[in-house]
Amino acid sequence: MSLSGEFIAFISLSLVAIIGGVLLLNLTKVVHMLVALVFSFISIAGIYVLLSAEFVAFVQILIYSGAVTIIMLFGIMLTRHDDKHEPKGNFWRKLFLLLGIAGFGLAVYLGIYNLDIPAKPTTLHVSNTEQIGVELYSKHIIPFEITSVILLVALVGAIILAKKDDQEEGDRP
């Protein structure tokens, strides 16, 4: 294993993603948790760039770091979350959980490190956005359109449910 700029960038982005995930689980303020989540999303987009998947990186930043984060922020602002009753965790449970995570990480690392995948020449990194568009709109147009209809139905359903809640609040004295 040689120390190249790509390897250093991968390790740095991976550490930011892991630290963001750990902070997300351990922070107490919801907005701080959201910022940690954004750091994880952006670092994962950086890993996609290292893999020559610029389109997926762009979508990762646009959809996850932008839209999902804003939706989560609105959800946080519009709901009540004043519950102060948090059960205290058991030390032994946390220790076993940490050991289990470390064991799983070690098993995955050893499995991937010892895996021998032969390199095949590919042209995926050449105009990958165009290749995605051609595949999506030629071979997979029906599932793409069905997905858009399902998302539209979910949006209309959410609006109807929100309207029902507003009407029920208006009926209360």
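Laboratory data are not the source of any read-out in this text; all were calculated from the coordinates shown. In this text, all values refer to a predicted model and were calculated from it rather than measured experimentally. Quick reminder, even Gly has a Cβ in these numbers, built from the backbone with ideal geometry, and neighbours come from all protein chains shown.
7 Å from Cα along Cα→Cβ at both ALA102 and THR28: what's the point-to-point distance in nm?
Label-label distance for ALA102 and THR28, simple model: 2.7 nm.
Would you work out if the range 9-80 is rounded, prolate or oblate? Take a ≥ b ≥ c from the square roots of the eigenvalues of the alpha-carbon gyration tensor; rounded if a/c is under 1.5, else prolate when a/b is larger than b/c, oblate otherwise.
oblate
Pick out which of VAL134, VAL153, VAL59 has the largest mean-square fluctuation in a Gaussian network model of the chain, springs linking Cα atoms closer than 10 Å.
Top of the fluctuation ranking is VAL153.
ILE19 versus ILE76, label points 7 Å from Cα toward the beta carbon: distance in nm?
Each label point is offset 7 Å from its Cα along the Cβ direction, giving 2.0 nm.
If R0 is 35 Å, what FRET efficiency do you get for LEU95 and SER127 from their C-beta distance, rounded to 0.05? Mind showing how you got there, number by number?
On the way: r = 50 Å, r/R0 = 1.44.
Here the calculated transfer efficiency is 0.10.
From the backbone phi of the range 25-30, what are the Karplus-calculated ³J(HN,Hα) couplings (6.51 cos²θ - 1.76 cosθ + 1.60, θ = phi - 60°) in whole Hz, Gly and Pro given as x?
The phi angles translate into 7, 9, 6, 9, 8, 5 Hz.
At a Förster distance of 22 Å, what's the computed FRET efficiency of ILE141 paired with GLU54, Cβ-Cβ distance as r, to 0.05?
Values: r = 23 Å, r/R0 = 1.05.
Approximately 0.45, to the nearest 0.05.
Under 10 Å, Cα contacts only: if you run a Gaussian network model on the chain, which one of GLY103, GLY20, GLY46 comes out with the highest mean-square fluctuation?
GLY103
When the Karplus curve 6.51 cos²θ - 1.76 cosθ + 1.60 is applied with θ = phi - 60°, which whole-Hz ³J(HN,Hα) does each residue of the range 48-58 get, with x for Gly and Pro?
4, 5, 4, 8, 6, 10, 5, 5, 5, 5, 4
Quick one: 3J(HN,Hα) in Hz for the range 70-75, Karplus 6.51/-1.76/1.60 with θ = phi - 60°, rounded, Gly and Pro as x.
With the stated coefficients, the range 70-75 comes to 5, 4, 5, 5, 5, x Hz.
Calculated from the structure, Cα extents along the principal axes in Å equals which of [x] 63, 41, 33; [y] 71, 54, 23; [z] 60, 37, 30?
[y]
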